[in-house]
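The values are calculated or read from the model by the stated rules, or taken from the named source; none is laboratory data. Because the structure is a prediction, the values reported are computed rather than measured. Positions of Cβ are generated from backbone atoms using ideal geometry, with glycine treated the same way; all protein chains shown enter the neighbour counts. Accessible surface is based on the protein model in full, side chains and every heavy atom, while ligands, DNA and RNA are left aside. Shrake-Rupley method; radii C 1.70, N 1.55, O 1.52, S 1.80 Å.
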Amino acid sequence: MSSSLQEIIVVGGGIGGTMTANNLVAKLRPEIRRGKVRITLVSNNPWHYYKPAFMYVAFGMFYKNELRRPLFSLLRPEVNLLIDEVEGFEFANSRLRLASAGVRDYDYLVVSTGCVPVPERIPGLREAGDHFYLHAPAMQLYRKLSQLERGRVFIGVTFPTTPNVPHQCGIAPIETTLMLDEYLRRRGVREQVEIVYTYPTVSQLLRNCLFLQKATCEVLPAIFDSKGIIHKRGFTLQRVDAKAKVAYSEEGEAEPFDILMQTPPIRAVDAVLNSGISQAPNNEGWLPTDRASLQLEGHPNVFVMGDTVDLPISKAGGSCHNQSPVVCDNIAGLMRIGQTVAEYDGRVQAVAQMGLEAGMPLWYDYQVDVLPTPPTKIGGLMRKAFNRGGYWAVARGMV
Ligand SMILES: Cc1cc2nc3c(=O)[nH]c(=O)nc-3n(C[C@H](O)[C@H](O)[C@H](O)COP(=O)(O)OP(=O)(O)OC[C@H]3O[C@@H](n4cnc5c(N)ncnc54)[C@H](O)[C@@H]3O)c2cc1C
């Protein structure tokens, strides 16, 4: 790359990549004005999705056009947007291979390509299970839930097999269980529907396993009990008999269901998997990321953030929000004084949706676990404000 113009490429137009491209403009404005830096965002989708809203889709509370925006409309004018598929990461050569635009060299790279659900990794799950981690499956779940009159909703959580890597959004299974309870009450069918919430025996990361952490353990079971939600630990989904509608666990149990609401296995996207850099077991593809600087190990000009990291931290937009300033400061530090200057402390914050109306602010970092507070209607209003407005300000790099 020429020394006169520094090329920074951000890959991924989800929450991590969008806010980081915008934050880089704010950070590097003097260099951009002098024509010394160019910032390009590459994404394979012209739309930006507010993914947490897929939860609400499952309960008929959000329409598709309310939870997405054209990606270009969220970007500062200084960001060059390129809609293209990254087919290959050549980290050793500081180069990307793009489906349409060919080869692109970079001086600095930010990878924020997220993760994808892979229910097909558990036999029978794709055929018989439901989830809300993408829009289409969330709509399918809504169609079933809106017609459910009686029966058994069996809820389970699958963790990645990579040690210390959690499933996407630590609290989503709990949030949706509480939303389900209230949704069925509103429909007047709750008495005829049994809700069973289960958690696997091994969950890799006790700190993010909200149902296993000591403080949350003391609060959540009582909340579930008060609503008649059955809960038990020690159910690790192994396979599903789609015809008989029975879920089998590694622990040897068999559980019948009318609806199986299962947090599916996840993995990194194909281009990241195929980069060959990840050592994660089970072909999960998480990139080895320095927990403080967020640099890709062995490649100091590459930064990783969001769901693609192998860090012991929730795969959440609330993580991206705290990682983005670190990435921007460190790229600016490397460019201006030749060294990184900021460290990520593992901070994540969110307002959990506790039922259809209440909310619970929560935050934690590498050192301090979640400290649960009572769910309140004020918390619910905070969450609603974030869902309908605050999120877009965050994506634009304004908050
Ligand atoms: C149902 C649900 C509920 C959630 N609830 C919460 C919550 O309450 N709070 C919270 O903080 N987080 C929540 N999350 C998690 C949050 O949405 C993710 O952690 C966050 O979106 C991760 O950001 P990211 O930038 O890493 O990836 P994403 O937002 O997934 O973005 C990845 C981007 O990369 C692009 N891309 C992928 N591959 C390529 C390629 N090869 N070439 C070019 N572009 C590519 C994609 O098109 C996409 O634009 C929830 C997620 C779900 C699904």
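Taking the chain as a Gaussian network, where each spring joins two C-alpha atoms under 10 Å apart, which residue of Ala316, Ala101, Ala268 fluctuates the most? Comparing Ala316, Ala101, Ala268 in the GNM, the peak value goes to Ala101. Bridge orientation summary for segment 118-264: considering DSSP beta bridges with both residues in this region, about 30 percent are antiparallel. Cross-link reach is defined here as a Cα-Cα straight distance under 19 Å, omitting same-chain residues fewer than 8 places apart; for Lys377 the lysines meeting it are Lys227.
Under the criterion of Cα pairs below 8 Å and six or more residues apart, the relative contact order for the chain equals 18 percent. Cys217 contributes an accessible area of around 40 Å² to the protein surface, as traced by a 1.4 Å probe with all chains present.
Quotient of the Cα radius of gyration of segment 81-143 and 2.2 N^0.38 Å, N being its number of residues: 1.62. Overall, the anisotropy analysis places segment 320-389 in the oblate class: the square-rooted eigenvalues a ≥ b ≥ c of its C-alpha gyration tensor yield a/c not less than 1.5, with a/b not exceeding b/c. Among the listed pairs Lys27/Lys315; Lys64/Lys384; Lys243/Lys315; Lys51/Lys144, those whose Cα-Cα separation exceeds 27 Å are Lys243/Lys315.
Among beta bridges from DSSP that stay inside the chain, the antiparallel ones total about 45%.
In this structure, the amide hydrogen of Gly346, modeled 1.01 Å from its nitrogen in the peptide plane, lies closer than 5 angstrom to those of Tyr366, counting only residues at least 5 positions away or on a different chain. Applying a DSSP loop filter and a limit of 13 other Cβ atoms within 10 Å to the trypsin sites (Lys or Arg not before Pro) in segment 117-172 leaves Arg150. Each Lys and Arg Cβ is given +1 and each Asp and Glu Cβ -1; about its Cα centre, segment 118-264 then shows a dipole of about 220 debye. A 1.4 Å probe run over the protein chains yields, for the chain, 41 Å² of accessible area per residue, whole-number rounding.
Taking a ≥ b ≥ c as the square roots of the eigenvalues of the alpha-carbon gyration tensor, segment 1-121 is classed oblate because a/c is 1.5 or more while a/b is no larger than b/c. Of the accessible area of the chain, computed with a 1.4 Å probe over protein heavy atoms only, carbon and sulfur atoms account for 52 percent. Which is farthest toward the positive dipole end of the chain among Ser100, Thr198, Val302, measuring Cα position about the Cα centre, with Cβ charges +1 (Lys, Arg) and -1 (Asp, Glu)? It is Ser100, whose Cα lies furthest towards the positive end.
Say the dipole of segment 118-264 comes from +1 at the beta carbon of Lys and Arg and -1 at that of Asp and Glu; which of Phe257, Val189, Ala244 then lies farthest toward its positive end? It is Val189, whose Cα lies furthest towards the positive end. Considering only beta bridges that DSSP places wholly inside segment 1-129, some 45 percent are antiparallel.
When the Gaussian network model of the chain links Cα atoms closer than 10 Å, the mean-square fluctuations of Ser314, Ser226, Ser43 top out at Ser226.
If you average the C-alpha positions of segment 82-130 and of segment 230-257 separately, how far apart do those two centres end up, in angstrom? Each part's Cα centre sits 32 Å from the other's. Across q = 0.14, 0.15, 0.16, 0.19 Å⁻¹, segment 90-217 modelled as identical point scatterers on its alpha-carbon atoms has Debye log10 I(q)/I(0) values of -0.80, -0.87, -0.94, -1.16, in the order of the q list. P(r) of the chain in 20 Å steps, Cα pairs, percent per bin? Once binned at 20 Å, the Cα pair distances of the chain give 28, 56, 15, 1.
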